[in-house]
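Okay, structure first, notes after.
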Amino acid sequence: MTEDLQTGIIRISDDVVATIAGLAALETPGIAAMSGGISEGLAKRISGKNVQKGVSVEVGQLEAAIDLRIIVQYGIPIHEVCRVLQDNVREAVENMTGLNVVEVNVKVEGVVFKDDELDELNRVK
C-alpha cells in the first residue's frame, strides 16, 4: 500500500501484511499450525520469528489478497474454523493497515489429532 500525503508517502510492505495475517491466523481457535507447503514435506509450526510461514499476500495500492495454508485440530468442523479464520485475518489486516482485503483464501493441508502429534512433527523437521 502506498498513500500520498502532503507530508510524505506511507508504504506498507507485503511482509508486514503477511506478518499481521499470520499472527491473526495463529490466534484463531482450531488452527493447530501454519503449513510450510507440500514441497517442504512436513507441517511446521510458526514461531515468533517466522510468522510468515504459510502466508502469501498480494498487496496493491488500496487492496490486498491473502492466501493461507493451515493445519487444523481434529474434532472441530473445518468449514467453521476456516470461516472464523477468514474473518479474523480480514479484520486484523484491515484494522491495522487500512487496506481493503478482497479475499482470504484458505488451503487446509493437514489435521492433527493432539498437541503431541504436532510436537512430533516439529521435532522431525
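The values are calculated or read from the model by the stated rules, or taken from the named source; none is laboratory data. Since the structure is predicted, the reported quantities are computational estimates derived from the model, not experimental observations. Reconstructed Cβ throughout: ideal geometry from the backbone, glycine too, with neighbour counts over all protein chains shown. Only protein heavy atoms, including side chains, enter the accessible area calculation; ligands, DNA and RNA are left aside. Shrake-Rupley method; radii C 1.70, N 1.55, O 1.52, S 1.80 Å.
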* To do: Return the residue satisfying two criteria in turn: it lies in the range 1-31 and is over 12 Å from the mean Cα position of the chain (by Cα) and crowded, with 18+ Cβ neighbours inside 10 Å, and of such residues it is modelled with the highest pLDDT.
  => Ile12
* Asked: Which one is most open to solvent (accessible area, probe 1.4 Å) among residues in the range 40-69 that are over 30 Å from Ile9 (Cβ atoms) and modelled with pLDDT of 85 or more?
  -> Arg69
* Is it true that Gln86 is surrounded by 13 or more Cβ atoms within 10 Å (Cβ to Cβ), out of contact with any Lys or Arg (no Cβ under 9 Å at 6 or more places or on another chain) and at pLDDT below 95? -> no
* Asked: Can you name the residue in the range 89-100 that is touching a residue at least 12 places away in the same chain (Cβ under 8 Å) and under 13 Å from Ala24 (Cα atoms) and is also surrounded by the fewest Cβ atoms within 10 Å (Cβ to Cβ) among such residues?
  -> Glu91
* Asked: For the range 72-81, does any single residue satisfy the condition of being at positive phi and of a type outside the set (Asp, Glu)?
  -> yes
* For residues that are open to solvent by 70 Å² or more (accessible area, probe 1.4 Å) and at pLDDT 90 or above, scanning just the range 101-125, find the one that is nearest to Arg11 (Cα to Cα). => Val102
* Asked: Any residue at all in the range 54-63 that is under 18 Å from Glu27 (Cα atoms), touching a Ser or Thr at 6+ places or on another chain (Cβ under 6 Å) and in contact (Cβ under 8 Å) with a residue 12 or more places away in the chain?
  -> yes
